[in-house]
Amino acid sequence: MVSVVTLQRDYTRRILQRIERHKRYPTAARRRRLTGSVTLSLRIAADGHIETLHCLSGTSVLCRAAERAARDAAPFPPLPAGTRHLAFEYRMRFRLH
């Protein structure tokens with residue numbers, strides 16, 4: 001039997017992968033060779049929509065890009081059974097290659 005904690009961890013991992021696929025490096029940040037990390041705070045409702053989304057740290061241009069990635073990735077699949085909402089923080093990195 002799989003625990004609710006394991007289901008939530010796996011769900012969160014899939015959500016973060018989905019958000020990363022929607023991440024786009026802002027042109028203005030690329031021109032300025034701006035790199036760094038931002039910390040997002042998300043709360044997802046049982047039906048998979050974003051209830052709250054905030055950038056807790058990072059430069060404004062990268063924060064906007066991270067928030068846009070999360071919004072573009074939503075709505076997400078419904079949460080695992082027995083979960084009313086899921087809240088977590090995520091550190092997104094922006095690096096030039």
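Give Arg31, Arg43, Arg18, Arg68 a once-over and let me know the one that is touching a His at 6+ places or on another chain (Cβ under 7 Å) and free of Cβ contacts under 8 Å to residues at least 60 places away in the same chain. Even if it seems obvious, please write down each step before you answer.
Numbers: Arg31 fails: touching a His at 6+ places or on another chain (Cβ under 7 Å); Arg18 fails: touching a His at 6+ places or on another chain (Cβ under 7 Å); Arg68 fails: touching a His at 6+ places or on another chain (Cβ under 7 Å).
Checking each option against the conditions leaves just Arg43.
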Looking only at the stretch 63-85, how many residues end up being touching a helix residue (DSSP H, G or I) at 6+ places or on another chain (Cβ under 6 Å) and aliphatic (A, V, I, L, M)? 3
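Restricting to the stretch 1-11, give me the number of residues that are more than 16 Å from Phe76 (Cα to Cα), of a type outside the set (A, V, I, L, M) and part of a helix (DSSP H, G or I). Before you say what the answer is, go through the steps one by one.
Initially, the stretch 1-11 is screened for residues more than 16 Å from Phe76 (Cα to Cα), giving 1-6.
Those still in the list that are of a type outside the set (A, V, I, L, M) too: 3, 6.
Next, from what is left, pick out any that are part of a helix (DSSP H, G or I): 6.
Summing the residues that are more than 16 Å from Phe76 (Cα to Cα), of a type outside the set (A, V, I, L, M) and part of a helix (DSSP H, G or I) in the stretch 1-11 gives 1.
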On the basis of being of a type outside the set (A, V, I, L, M) and more than 25 Å from Pro80 (Cα to Cα), does Tyr25 make the cut? yes
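Of everything in the stretch 46-65, what is surrounded by 15 or more Cβ atoms within 10 Å (Cβ to Cβ) and either at negative phi or in contact (Cβ under 8 Å) with a residue 60 or more places away in the chain (or both)? Give them in sequence order. Can you show your working first?
Here is the first cut: in the stretch 46-65, the residues surrounded by 15 or more Cβ atoms within 10 Å (Cβ to Cβ) are 46, 48, 50, 53, 55, 58-59, 61-65.
Scanning the stretch 46-65 gives Ala46, Ile50, Leu53, Cys55, Thr59, Val61, Leu62, Cys63, Arg64, Ala65.
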Cβ pairs under 6 Å, 6+ apart or interchain, first in the stretch 79-97 and at pLDDT below 95, second exposed (fewer than 13 other Cβ atoms within 10 Å of the Cβ), ordered by first then second residue, are Gly82/Val4
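The values are calculated or read from the model by the stated rules, or taken from the named source; none is laboratory data. Values in this document were obtained by computation on a predicted structure and should not be read as measured data. Positions of Cβ are backbone-derived with ideal geometry, glycine not excepted, and every protein chain shown enters the neighbour counts.
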